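The values are calculated or read from the model by the stated rules, or taken from the named source; none is laboratory data. No experiment lies behind these values; they were computed from the predicted model shown. Positions of Cβ are backbone-derived with ideal geometry, glycine not excepted, and every protein chain shown enters the neighbour counts. For accessibility, only protein heavy atoms count, side chains too; no ligands or nucleic acids. Shrake-Rupley method; radii C 1.70, N 1.55, O 1.52, S 1.80 Å.
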Amino acid sequence: MSLTIGVTGGVGSGKSTVARAFATHGIDWVDADDVAREVVEPGEPALTDIVDHFGPGVLTADGHLDRRALRSIVFSDEAERRWLESVTHPRIRERLEAHLARMAATDTPYHLLVSPLLFESDQHRLVDRCLVIDIPEALQISRTASRDSVDEEQARAIVAAQMPRQKRLAKADDVIDNSGDADDLAHQVARLDRLYRRHRETS
Ligand code: ADP
């Protein structure tokens, strides 16, 4: 069986970048954000439930989910946010489990579940080890702002709404410090690749 490594970190910490670095070692991954988008694509039962509940105002003209409209409803309404999660989370989890089962059955030594909500959505129960990508908040804000073309104030608000850095770090089995350059990151990923291959041999 292939080991499952959960990769998490705040917005802009470098989760996707780290996943691509592991891929250069032949490692496969599933991204929980991609799966979260898939479950609300047109034709999916979760989208039908959402439109039945919130009305057609949460759809774009071409029938896709209007994330911005939905966000503005649930952002200020805790009960609606919980309802939305009760519709999407079980479906996300079901798909994640199917992806993980498929990857676990291969003969690669390990694979990744990349998720911003690894701890918050209890997805850490699906993994053997948790890898946290850590960067100082100021860098997180500047990298998020330049990637997403939001201003620093908006990036700061997103960071503030997420799990605090120290709380996330306290739950980590392994940590990547992504405050350095691409070379530095590649070295840390190579070191962890060796570690995870050894774990697989001894597990
Ligand atoms: P996440 O998936 O955690 O939100 P990303 O992997 O998209 O984060 O990284 C956020 C941004 O920071 C991206 O634009 C990415 O190219 C950049 N980035 C990631 N790691 C580094 C690094 N070590 N040095 C410089 N820029 C980086």
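So which residues in segment 7-40 are more than 15 Å from Leu131 (Cα to Cα) and not hydrophobic (A, V, I, L, M, F, W, C)?
If the condition is that a residue be more than 15 Å from Leu131 (Cα to Cα) and not hydrophobic (A, V, I, L, M, F, W, C), then Gly12, Thr24, His25, Gly26, Asp28, Asp33, Asp34, Arg37, Glu38 are the ones that fit.
Of the conditions (1) modelled with pLDDT of 95 or more; (2) not in a helix (DSSP H, G or I), Glu120 clears all except one; give me its number.
In the conditions (1) modelled with pLDDT of 95 or more; (2) not in a helix (DSSP H, G or I), Glu120 misses (1) alone.
In segment 75-130, which residues are closer than 26 Å to Phe54 by Cβ, acidic (Asp, Glu) and free of Cβ contacts under 8 Å to residues at least 40 places away in the same chain?
Asp77, Glu78, Glu80, Glu85, Glu94, Asp122
Testing Asp122 on (1) open to solvent by 60 Å² or more (accessible area, probe 1.4 Å); (2) within 16 Å of the ligand (Cβ to nearest atom), one condition comes back false. Which one is that?
For Asp122, the failing item is (2).
Please verify whether Gln188 is within 11 Å of the ligand (Cβ to nearest atom), surrounded by 12 or more Cβ atoms within 10 Å (Cβ to Cβ), modelled with pLDDT of 95 or more and within 17 Å of the chain's Cα centre (by Cα), treating the condition exactly as stated.
No.
Filter segment 160-181 down to residues that are within 12 Å of the ligand (Cβ to nearest atom) and assigned to a loop (DSSP other than H, G, I, E, B) and give me whichever is surrounded by the most Cβ atoms within 10 Å (Cβ to Cβ).
Among residues in segment 160-181 that are within 12 Å of the ligand (Cβ to nearest atom) and assigned to a loop (DSSP other than H, G, I, E, B), the one surrounded by the most Cβ atoms within 10 Å (Cβ to Cβ) is Asn178.
Pick from segment 134-159 the residues that are without any contact (Cβ under 8 Å) to a residue 24 or more places away in the chain and part of a loop (DSSP other than H, G, I, E, B): which of them is least open to solvent (accessible area, probe 1.4 Å)?
Of everything passing the filter in segment 134-159, Val150 is least open to solvent (accessible area, probe 1.4 Å).
In segment 1-18, is there at least one residue being of a type in the set (A, V, I, L, M), within 14 Å of the ligand (Cβ to nearest atom) and in contact with a Leu (Cβ under 6 Å, 6 or more places away or on another chain)?
Yes; the residues of segment 1-18 include at least one that is of a type in the set (A, V, I, L, M), within 14 Å of the ligand (Cβ to nearest atom) and in contact with a Leu (Cβ under 6 Å, 6 or more places away or on another chain).
Which condition breaks for Tyr110 when tested against (1) at pLDDT 95 or above; (2) among the hydroxyl-bearing types (Ser, Thr, Tyr); (3) under 16 Å from Arg168 (Cα atoms)?
(3)
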